[in-house]
Amino acid sequence: MSRPKKKRKINHPPKMLGFKPFGIRFCDTEQVIMQYEEYETVKLVIYDNLSQDEAAEKLEVSRPTLTRIYNSALKKIGQAFVEGKSIVIKGGDFEFDKDWYKCKRCFKLIDGIEDSIKCNECPDDDKDELENLNE
């Protein structure tokens, strides 16, 4: 029997649900599924310019595990880029370090609002509920 997977710590959800190639309608493209932890490794290593040791510490995984996740993410990005596929970010074994909500009207990410269902940035006359990203 294998050991259960440890949940990876994700600091901040992505601003988008995916990415699509320019010039091709989304419904006409095949999709590559990128898990949240794969997105986070690319963000930490490439965008935040952390070493793999530092990124592994933030994700609370070993460095070899981070390398496997990172290589899987790069393979998916390469496949989407070369084959003109869309990338959809969803799923995986992860947990956010805070409660995150996304306004359904303006898509702004808001962390840890207690007892609130409204985005404070949207006009008062047309506010929508917030979507809990932790569920």
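The values are calculated or read from the model by the stated rules, or taken from the named source; none is laboratory data. The shown structure was predicted, so the numbers you read here are calculated from the model rather than taken from an experiment. In this analysis, Cβ positions are derived from the backbone assuming ideal geometry, glycine residues included, and neighbour counts consider all displayed protein chains.
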Check on GLU54, at pLDDT 90 or above, surrounded by 14 or more Cβ atoms within 10 Å (Cβ to Cβ) and within 18 Å of PHE96 (Cβ to Cβ): no
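Sort through VAL82, VAL88, VAL61 and tell me the only one that's β-branched (Val, Ile, Thr), within 25 Å of LYS20 (Cα to Cα), surrounded by 15 or more Cβ atoms within 10 Å (Cβ to Cβ) and in the same structural domain as LYS9 (by TED's automatic domain parsing).
On the way: VAL82 fails: surrounded by 15 or more Cβ atoms within 10 Å (Cβ to Cβ); VAL61 fails: within 25 Å of LYS20 (Cα to Cα).
Result: VAL88 is the single residue among VAL82, VAL88, VAL61 that is β-branched (Val, Ile, Thr), within 25 Å of LYS20 (Cα to Cα), surrounded by 15 or more Cβ atoms within 10 Å (Cβ to Cβ) and in the same structural domain as LYS9 (by TED's automatic domain parsing).
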Any hit, the stretch 27-42, residues being β-branched (Val, Ile, Thr), closer than 15 Å to PHE96 by Cα and either in the same structural domain as GLY84 (by TED's automatic domain parsing) or touching a Gly at 6+ places or on another chain (Cβ under 7 Å) (or both): yes
Selection from the stretch 38-52 of residues that are farther than 20 Å from LYS7 by Cβ and either charged (D, E, K, R) or part of a helix (DSSP H, G or I) (or both): ILE46, TYR47, ASP48
Filter result (outside any loop (DSSP other than H, G, I, E, B), β-branched (Val, Ile, Thr) and out of contact with any Lys or Arg (no Cβ under 6 Å at 6 or more places or on another chain)) within the stretch 4-36: ILE10, ILE33
